[in-house]
Amino acid sequence: MKRRALIAGNWKMHTTVMDACHLAAAIAGQCADVPDRDVLLAPPFTVLSEVSHVIRESGVIVGVQNVCWEEKGAFTGEISPVMVKDAGGTAAIVGHSERRQIFHEDDSLINRRLLGSLRFGLLTILCVGETLEQREENKTFEVVEQQTRNGLAGVEASVMDKVVIAYEPVWAIGTGKTATKEQAQEVHAFIRSRIENMYEKSIADQVRILYGGSVKQDNVDALMAQPDIDGALVGGAALDAESFGRIIHFR
Ligand code: PGA
């Protein structure tokens, strides 16, 4: 089954308005000759409107790195899906390992974020992945299954076309250590089998599963050649227009 590739750039806590506009413009300028794949940028909230403006008409999708489940209210420090849409965003990442590890977000909080994001129609990327310690204890599959099941709790089959899963082994994020293509493929196939188990084969076949963790221009082709790797969630290399441009043009 051929799924449309998705290359997403997570800018994390980087870029001022000026940097963001330059970077977004340089990336948008490289997307014209790849109409067969989706490109998504997740800049900080503070530059969301500017980035949305810069990429308009380029086909690039803009989203946020985290999102609240409510439309509005007393949620100090949070951003609602309605605000995201108002600023031109149509996508959100939830459950990134930095949210889990640094800010102690757990599966149930991440599930609320995911449900809220979907309720307002955002394309939502749920991140899952084991730590080094969990991998060494042979708990990779257990952890990934739990995060996937708990993260997707209550998600109806009818909105699964708006869900993307990102497998990001924590030990590979920002470390320069990528999972081998075999390690990544093995976990991707496992996640797809769990989705089939939770829903049905047609949904498992269409859900896009991205790999994240030190994706660079020199490893993207091998990763993308794997049957269950449908795209990449890129951190460090997404901040450089040339590197990210090459990643978008994976072969
Ligand atoms: P990295 O980050 O590409 O810098 O490893 C990936 C991510 O955190 O999504």
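Miscellaneous remarks
- Here the spin labels are modelled as points 7 Å beyond Cα on the Cα-Cβ line, and at Lys216 and Glu156 they lie 4.5 nm apart.
- Each of Ser97, Ser80 was scored by other Cβ atoms within 10 Å of its Cβ. Listed from fewest to most, they are Ser80, Ser97.
- Among His53, Ala74, His104 - extreme Cα towards positive end, dipole of the stretch 1-124, charges at beta-carbon: His104
- Total charge dipole magnitude, the stretch 1-94, about the Cα centre, Cβ charges on Lys, Arg, Asp, Glu only, Debye to nearest 20: 300
- Tensor-based shape of the stretch 132-183 (alpha-carbon gyration tensor, a/c under 1.5 rounded, otherwise prolate or oblate): prolate
- Extended-chain gain in nm, criterion 0.36 nm per residue less alpha-carbon gap, His249 and Ile102: 49.7 nm
- Taking the Cα centre of the stretch 196-251 as origin and assigning +1 to Lys and Arg Cβ atoms and -1 to Asp and Glu Cβ atoms, the resulting dipole is close to 120 debye.
- At most 15 other Cβ within 10 Å, DSSP loop - chymotrypsin sites (Phe, Trp or Tyr not before Pro), the stretch 79-178: Phe103
- GluC sites (Glu not before Pro) restricted to the stretch 1-102 and DSSP loop, no more than 13 other C-beta within 10 Å: Glu57, Glu71
- Separation in nanometres of the label points that stand 7 Å from Cα toward Cβ, at Lys139 and Asp205: 3.6
- The amide H of Leu123, built 1.01 Å from its N in the peptide plane, has Ala91, Ala92 as neighbours under 5 Å, considering only residues 5 or more places off or on other chains.
- Computed about the Cα centre, the dipole magnitude for the stretch 82-198 is approximately 380 debye when only Lys and Arg (+1) and Asp and Glu (-1) carry charge, each at its Cβ.
Where a number appears in this text, it was derived from the coordinates with a stated rule and is not lab data. Owing to the predicted nature of the structure, the values given are computational and were not obtained by experimental measurement. Virtual Cβ from ideal backbone geometry, glycine too; neighbours counted across all protein chains shown.
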